Structure formats: C-alpha cells, structure tokens
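Reviewing the structure listed below.
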Amino acid sequence: MSRLARPATRPPMARRPWHVRVNALVVAWFLAAFVVAVAHRWVPEASYLLVHLMLLGAVTTAILIWSAHFADTLLGRPAPGGQGLMLLRLGVHTVSAVLVIVGVVTGRWPLVVAGGIGVTLVAVTHVCVILLQRRGALMARFGALSLFYVCAGLCLAVGVWFGVLLARTTPSAQLEGRLYTAHTTTMLLGWVGLTVLGTLVVLWPTMLRTKMVPGAPLAARRAMFVLLGGVAVVWVAVALDQPRLVVLAVAGYLTGVVLVVRPMVTVARTKPPRSYGTFSAVAAVAWLVVSLVVLAVLAATASDWAALRDSLGVLAAPYAAGFAGQVLLGSLSYLAPVMLGGGPRVVRRVDEEMNRAAGARVVIVNLCLALFLLPLPSLVRVTTSLLGLAGLSAFLVLLGRALWVRRRLEREGSGAVIAAKLRTGPPPVPRRLGVLHGVGAVAFAVVLGVAGDPAAAGLAGADADDGVAATGRTTTVRVEARDMRFVPDVIEVPVGDRLVVELVNTDDDVHDLVLDNGARSGRLSAGESAEIDLGVVGRDVEGWCSVAGHRQMGMTLDVVAVGAAGDVMAASEVPSSGHMGHPGTEPSARDGLDLLAEPGPGFTAHPAELPPAPEADVHELTLTVTEVTAEVAPGVEQERWTFNGTAPGPTLRGKVGDVFEITLVNDGTIGHSVDLHAGALAPDGPMRTIAPGESLVYRFTAERAGIWMYHCSTMPMSMHIAQGMFGAVVIDPPDLEPVDREYVLVQSEVYLGEPGETADAAAIAAEQPDLVVFNGYPNQYDHEPLAARVGERVRVWVLAAGPNRGSAFHVVGGQFDTVYDEGAYRLGGPEEIGDGTGGSQVLPLVAAQGGFVELEFPEAGTYPFVSHAMVDAERGAHGVFAVTE
C-alpha cells in the first residue's frame, strides 16, 4: 500500500483542527455556488458566478490545501514556512478570488487586476515552496510526481492573466475568442487537470486500498510532459492565430490522459471501486474525456475564434460539475476521516457516513448531468437539475452528520467499550440506497417534468391548445439574438410537432423572446441562453423581443405551422393586446393628460441655473443608469431611464483643454451606453453597450467649445433618448464674457405609453410626441419662473436633445444681441460680429444642436420663452422669465 494510505492509528491531534479549519473555506465556496445555483434566475451573471465560485473558489482552494499535503508526503519532508505560510497563502487567495469575481460582475477592472496579482503571487509561492521542498528531499520513487503541482501552479499564474485581459474591453470578437480559449484551457486543463491527474496517480490505489502498478510513476512522468505540451500548443495556437491547432493540442492532452489512466484501469480490475470517492473519480475522468472530445470537435468545426468562444459554453457544466465538482467532493469524502481524526472507531464511522448511498448519489449526479445536456423539455430539465444539485449537495449534509457522529463518539464510554465495538477489515459501504435507487429517483424526476407539461414532452395523443393531435415528434431550432434581429426570424414547423427554441443571446445587449401563445424566455444578458418550449404547434405563432423599442427595430420571430387547416386562426388574426405599440385596448397615459393642471404636491422644477465652470482642469463624474417611475406631466407617471436619476441628466461644464473622466455604471435591467459629443475619439470601446451590473470609464479631452449633447447610444437610440437618457456638456468658448445670470434649457420630446410604463415606441417611430418640454417637464417654468432683473445680462444655453425634433428658441418680448450657435458666434461676441445695430429673434437648432443667446430685459414684467414651432410650445415647450426692477 502506498504511503498516502489512511493511517490505522489516531493521527496527531494537530492535524485534525488544521485540516478542518482550512477546508471550511472549501465548504464555504461550495455553499456560495449552491446558493447561486438555486437562485440563478434572480442573480446577475449567474453563469459566471457558478463556474468561478466552484473552480476559482472551491476547487482552487482544495488544490492549494491538498497538493501541499501530498507534496509533503511525496517528498518526505514538510514545506518551508509550515502552516503559517499556508494560512497566509489561503487568505491571500480567498481575498484575491473575491476581488476577481466582484470586479468582473460589477465591471470594475481595477479590482480584477488586484485580484489577478494576488492569485499570481499565491501561484508563484505555491511553485517556489514545492521546488524548495525538492532540494535535499528524500526523493522517493513518487517524488518526481510533485512536478505535476509545479507545472500546474505555473499554468495558474499564466491563465489568470488571460482572464484579467479578458475582463478588459477587447477591440474585436476574434481577440476575445483567443483570450477566452487560452484562459479556459489553461485554467481547466493546466491548473485543475494537471493537479488532479498527478494526484490520482497515487491517490487512486490508496482509495482502493491496494498497491500501485509498478510502472505507474514512470508512465505518469511521461504523461506530465505530454499534458503540459498540450496546454502549450494552445498557447501557440492563440499566439499564431491558428484555431485549428487547438485540435492538435487536445489530441496531445488526451494522449497524456490515457497514459495516466491505463495504470488506474489495471488496478481497478483487481480491486474494483466500492466507495463514493472511487465512484466519483471514475465518473470525473469519464467527463474529462468527454469534454476533451467535444472541445476537439468544436475547435475543428468553428469558423473562427469568435465562433469557438461562443460554442465553448456547452462545456461549462460537464467540466465544472462532471469533472471538477465530482473530483472535489469525491476526494473530500475520502479524506474527511483523515481531516476529522479521532481514532480507528471514529475514522470508520465517519467513513461510513461519507459513503452513505454512494451508488445512488453518483448515479443521480451523472444521469442528471447527462439529461441536462440533452434537448429535453424545460420542465424536465428543471426537475432533473434540482435532483442533480441535491445529489452533489448531499456531501454537505453527510459532512455535517460526520461531525456530529465524531463528537458523539468522543463523549462515549471507556476504551473497553470501544474495543468491543471495533471491527477489522475495510469499512463496509452502506447499500440501502444503491444504483437502482438512483436510477429510480432520476426516472421519477423525469416523470414529474413530463407530467407537468405533457404537450411539451411531445407525447402522442396529447392535444395542443388548438385541438391539433400531437405527432410525438420534436422540432428543435437554435435561434440567435444579434444585431437587433432573431436569426433565423422564420421557423417552419409541421402541425402537431412540439417546438423547442434554443435562444442564445450573442448580442451585447439584453434581449428576450415573448410569443403570443404565452411562452417567454425571460431577460437574457449577453452570452446567456434559454430554452423555450412552445408545446405542440397547431397554428402560426408570432414572437418578439419585449425590451422597449426592440420590436419596433425589427426584432420579431414568426413560427409558421406547415399544413395548418384553413380554419385554424393564424397569429396575425389573434387579437392583439396592444402591447409595445400594437393597437389594442390598454389605457394610455395620454388619456389623463392635462397641460393646464397644476403639478402634484411637492413638485420642484428641474434646476435651470448653470454654475460657472470649475477651476479644475480634470473633471470626474459617475453617471449611474437607473430606471425610475417619475411624473412627466401633472398626474401622469411613466417609467424613465435616467442618468443619475433625472431627465435630463446632470449638466457638465468645463473649458477647452479640460479632461473629463466619466464612469458609467449600469444599474438598470437592460444594456445601456453613453455617447458624449464633447469628446472626439473612436466609439468602439467607450461608447459600447454594457450589461446590467457592469461599468466602464469614458475619458476625453474637450478640444472644442460649445454646448454638446450626451446620450445613451444603445439601439434603438430613439427609444433610449425618449426615455430620458440625455444631458448637456457645456465647454466655454475662450474669452467668454461673464454675465449676471446663466441658464441651461434642454428641449426634448415625451411619447406617452401605458401608465407607469415605458414610452410608446410606435409613436416615436411615427414622430408623434405627446409632449415637448424644457428640462424634462412641460410648462414647469410657468409654475416656477426663471428670475432676472431689469438691466441684467442673461445668457441662456439651449440644447435640442430630440430624439427627433429641433427647437426654435424665442423669448417673447425679448431680443437677442448675442447668438452663439454650434461653436461659433453668429451675432455679437468678443469680436462684435455685426455693427451693433442688428438683433436676433430666435435660436434655430435641429436635433442634437446647441448654442446660447444673450439679452437684457428692458423693463419689469413676465417674458414667456418658447419653442416657436408653436405646436411644440402648445405641447409644453413653454416657460417664463419673471423680471423685476
């Protein structure tokens, strides 16, 4: 038996609390992954969190702990620094992993960089400690196997930086695909794969309580170089931009796996697996091989790096749960008695607890994972996924029972009682819940899913809602949401077939799919997918993206029932609900619109006063996207999308040459962006759409003067601007003369939708606004006039934000002696354009243009200001200057 076998006597008392304490970190990470798995529909970036809580958190922590323990045993000497250094490494890794995960989820790249540095330091320290151990070690015949941990640690140090770069904005989908492929293969095959395969060389015969095959260490050393070579070929493929080389890399890695596994198979023939740990190890290696084969196929068939990156998501569940998860829980189940200690009797009883229902648990986990990967009805996938999650989580329950058993036995009687109860030989495996019980549990979960939706299950004889008999066949179609389209946007299905749509959001914005039969996908962030089961198709079905404005942009899907009877109602004949601009009977907010009414209690007009430009040359501001319900006219509420909670957003002001650093934070529920016209730079990076929970930094230098618009540039742009996502940036012209008062007015349109809902996208497309307003609310400066005094010089900055209409700004009873329009003086100014006798009555602006006018009021009184496109003034583009002596 190898020297890693479980000791027959009580281990030193220091070992138990040490291993229990540090492995609590592993359990904590696993618990966090479990919570996200259960609540994934309500957790942002759930897919990313699940994978990284399990792999970067639980699996990596377990590797750091147990590879150090195995290295001590393989090399016959303790690691330099002892437990103190190990605790420090684990602490740094935990903090760094949290920083990486939080940074990615919130879009704060500096946190990702800080976490990446910490993980790298831990990896390099891990490697150096093992190399120092090797100097002067006894170097038993297993000592060379410690190099597996050295190579794996180097892969961790390299792979984490592929991930850090991936978290940063990439200029192209191809570069992102290369980084993603390098990151996933380096971390999974290099860091996790090398560690697991190197450990199984010795741990496998130990778990079986038998001797190692004589040639196993030599085969493992050869395999190590082959495995590492496979990872290195991936790096070469990425560096040379040759995705087909990934196939060669996978072939080499598979060869290394075979070299490691062959001695394991030889041992298993003479001593078959009998415990949860050994069953899990077999299943984990099988899933590794399956994942590698699928990876090779994907690499061989992908058209480019971007396509390969999009397809790699299918490997997340097999690798994270099938391979890494089962190896982790199987190993910890075997090692739990070592961790807890307490003498032979306690070790035996703890081992019995950790092996309860071993066969059933392994069958449940692996069958449920296999079913999860198949195109089954959504409800079947839900029931089997929950059962599989329960199978994995049973480890936590059994570990808790083992701790309870250990404490109870320690409180029991004398040594004579213990001796009387002690049994010899290997611990028996409880068989009350075996393989057949596991198969039965999975079958029951499938039956529950089918019973919940028999039509979706495609059962012959189950009728569709339209009275069409089911054929028993299933049509499955992959649909991508990209570039404001569903691809394909027409699906033909034979009548009576069950239709399953696999919707994948390959766009950078949030999308969903809603169908007129009531089926819907739910909101999908970039990269996420969902399965929509339409059941048995008996008529044409119409679908669309329900995100505001997306349907009007052409994001529709038509399901055509081929062979439908003439009396079956087509989708176009189904009475529309009126949702998203379609005619119907829903109430509209415009029904209660009364521009002569007084604003509600507590109304305060949007501040129009413009403070002077700050003295600072660098201006930092955070624009946080929020979705609020706000009053847009007396008694009328609508959902508004805002920058910092107001529409318009905050006005920025500076001088030519000033630097603006704007941090955009998306706290909304769909993708948003920002385009600041005051900066001239390539839009690819800073103006990109970011998903909910993400952020970006937009830095520019103001090179030219004027009043510049900023707005959300996510499509459909007209909807996002009409929803309130706009504001002004004032860059003072050089030698701008001081005045007594300055105001800023941003004109925009409001298109009323249903009460409390978003704007009417159809009205936006038809350019039929319900309101035209200054600073977001109709006639608000009639209720709270702007102040001025006779003889004061007043400057009014005006921006026409649209999204569709311009402005003809006019002050009734006033005349402008200075007009500045789109970066140039048209009248007046420092160089006195004109002879001083001319004047102006209006500042004409088309959508997105801006400028300012200056005037002095000749006498006290009330001076209205309007957009002189009079229909717009009557829609709310109206206010008042209250001029006093």
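The values are calculated or read from the model by the stated rules, or taken from the named source; none is laboratory data. Treat the numbers as computed from the prediction; the structure is a model and nothing was measured. Neighbour counts run over all protein chains shown; Cβ positions are idealised from the backbone, glycine included. Side chains are part of the model used for accessible areas, which takes the heavy atoms of the whole protein and leaves out ligands, DNA and RNA. Shrake-Rupley method; radii C 1.70, N 1.55, O 1.52, S 1.80 Å.
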Can you confirm whether the stretch 298-310 contains a residue that is open to solvent by 30 Å² or more (accessible area, probe 1.4 Å) and touching a strand residue (DSSP E or B) at 6+ places or on another chain (Cβ under 9 Å)?
yes
Residue list for the stretch 69-99, restricted to those being touching a residue at least 60 places away in the same chain (Cβ under 8 Å), within 27 Å of Trp161 (Cα to Cα) and surrounded by fewer than 17 Cβ atoms within 10 Å (Cβ to Cβ):
Leu87
Got at least one residue in the stretch 97-104 being of a type outside the set (A, V, I, L, M, F, W, C), more than 20 Å from Leu25 (Cα to Cα) and part of a helix (DSSP H, G or I)?
yes
Going residue by residue through the stretch 237-247, is there one that turns out to be of a type outside the set (Lys, Arg), in contact (Cβ under 8 Å) with a residue 24 or more places away in the chain, surrounded by fewer than 22 Cβ atoms within 10 Å (Cβ to Cβ) and farther than 22 Å from Leu389 by Cα?
yes
Which of the residues that make up the stretch 590-608 are more than 15 Å from Gly776 (Cα to Cα), of a type in the set (A, V, I, L, M, F, W, C) and open to solvent by less than 90 Å² (accessible area, probe 1.4 Å)?
Leu593, Ala597
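Condition first: open to solvent by less than 40 Å² (accessible area, probe 1.4 Å), over 22 Å from Val192 (Cα atoms) and modelled with pLDDT under 90. Can you find one or more residues in the stretch 276-291 that meet it?
We begin by selecting, within the stretch 276-291, every residue open to solvent by less than 40 Å² (accessible area, probe 1.4 Å); these are 276-278, 280-281, 283-285, 287-288, 291.
Of the ones still in play, those that are also over 22 Å from Val192 (Cα atoms) are none.
No, that holds for no residue.
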Residue by residue through the stretch 764-806, note down the ones that are on the phi < 0 side of the Ramachandran plot, open to solvent by less than 50 Å² (accessible area, probe 1.4 Å) and under 33 Å from the mean Cα position of the chain (by Cα).
Ile764, Ala801, Pro803
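If the requirement is being out of contact with any His (no Cβ under 6 Å at 6 or more places or on another chain), aliphatic (A, V, I, L, M), modelled with pLDDT under 90 and within 26 Å of Leu664 (Cα to Cα), which of these qualifies: Leu175, Leu147, Leu138, Leu166? Reasoning before the result, please.
On the way: Leu147 fails: within 26 Å of Leu664 (Cα to Cα); Leu138 fails: within 26 Å of Leu664 (Cα to Cα); Leu166 fails: out of contact with any His (no Cβ under 6 Å at 6 or more places or on another chain).
Testing whether each residue is out of contact with any His (no Cβ under 6 Å at 6 or more places or on another chain), aliphatic (A, V, I, L, M), modelled with pLDDT under 90 and within 26 Å of Leu664 (Cα to Cα) leaves just Leu175.
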Can you confirm whether the stretch 8-19 contains a residue that is open to solvent by 50 Å² or more (accessible area, probe 1.4 Å) and either at pLDDT 60 or above or touching a strand residue (DSSP E or B) at 6+ places or on another chain (Cβ under 7 Å) (or both)?
no
Unique residue being open to solvent by 20 Å² or more (accessible area, probe 1.4 Å) and within 17 Å of Trp797 (Cα to Cα) when the list is Pro858, Pro844
Pro844
Restricting attention to the stretch 100-123, which residues are more than 18 Å from Val192 (Cβ to Cβ), out of contact with any Lys or Arg (no Cβ under 8 Å at 6 or more places or on another chain) and open to solvent by 10 Å² or more (accessible area, probe 1.4 Å)?
Val104, Val105, Thr106, Gly107, Arg108, Pro110, Leu111, Val113, Ala114, Ile117, Leu121
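Which residue out of Ala296, Ala268, Ala219 is in a helix (DSSP H, G or I), farther than 26 Å from Gly434 by Cα and at pLDDT below 90? Steps first, please.
Values: Ala296 fails: at pLDDT below 90; Ala268 fails: farther than 26 Å from Gly434 by Cα.
Only one candidate passes the filter, namely Ala219.
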Among the residues of the stretch 308-337, count how many are within 20 Å of Ala28 (Cβ to Cβ) and more than 22 Å from the chain's Cα centre (by Cα).
10
Could you give me the residue pairs with C-beta distances under 9 Å whose first residue belongs to the stretch 264-291 and is at negative phi and touching a residue at least 60 places away in the same chain (Cβ under 8 Å), whose second residue is among the small types (Gly, Ala, Ser) and not in a helix (DSSP H, G or I) wherever it lies, and which are 6+ apart or on separate chains?
Tyr276/Ala357
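If you go through the stretch 586-604 one residue at a time, do you hit one that is modelled with pLDDT of 90 or more and either over 37 Å from the mean Cα position of the chain (by Cα) or not charged (D, E, K, R) (or both)? Break it down into steps so the answer makes sense when it comes.
From the stretch 586-604, those modelled with pLDDT of 90 or more are 604; that's our starting set.
Restricting the remaining residues to those that are either over 37 Å from the mean Cα position of the chain (by Cα) or not charged (D, E, K, R) (or both) gives 604.
So far as the stretch 586-604 goes, yes, one or more of its residues are modelled with pLDDT of 90 or more and either over 37 Å from the mean Cα position of the chain (by Cα) or not charged (D, E, K, R) (or both).
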Taking the condition of being surrounded by fewer than 23 Cβ atoms within 10 Å (Cβ to Cβ), on the phi < 0 side of the Ramachandran plot and either outside any strand (DSSP E or B) or among the acidic types (Asp, Glu) (or both), how many residues in the stretch 721-751 meet it?
9
Is one or more of the residues making up the stretch 68-87 assigned to a helix (DSSP H, G or I) and modelled with pLDDT of 90 or more?
no
Could you please find all residues in the stretch 145-158 being surrounded by 24 or more Cβ atoms within 10 Å (Cβ to Cβ) and either over 17 Å from Ala223 (Cβ atoms) or touching a strand residue (DSSP E or B) at 6+ places or on another chain (Cβ under 6 Å) (or both)?
Gly153, Leu156
Scan the stretch 47-67 and tell me whether some residue there is over 23 Å from Leu332 (Cα atoms) and in contact with a helix residue (DSSP H, G or I) (Cβ under 8 Å, 6 or more places away or on another chain).
yes
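Specify which of the listed residues (Asp507, Asp489, Asp483) is closer than 30 Å to Thr106 by Cβ and either in contact with a Cys (Cβ under 9 Å, 6 or more places away or on another chain) or surrounded by fewer than 18 Cβ atoms within 10 Å (Cβ to Cβ) (or both).
After ruling out the rest, the residue left standing is Asp483.
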Among residues of the stretch 859-878, those that are over 21 Å from Asp817 (Cβ atoms), over 44 Å from the mean Cα position of the chain (by Cα) and in a loop (DSSP other than H, G, I, E, B), counted
1
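Filter the stretch 346-390 down to the residues that are free of Cβ contacts under 8 Å to residues at least 40 places away in the same chain and over 14 Å from Ala443 (Cα atoms), then identify the one that is most open to solvent (accessible area, probe 1.4 Å). Steps first, please.
The first filter runs over the stretch 346-390 and keeps only residues free of Cβ contacts under 8 Å to residues at least 40 places away in the same chain, leaving 370, 374, 385, 390.
Those still in the list that are over 14 Å from Ala443 (Cα atoms) too: 374, 390.
Values: Leu374: 85, Ala390: 56 Å².
Taking the candidates together, the pick is Leu374.
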For the stretch 200-236: of the residues being surrounded by fewer than 24 Cβ atoms within 10 Å (Cβ to Cβ) and among the β-branched types (Val, Ile, Thr), which is nearest to Gly57 (Cα to Cα)?
Val202
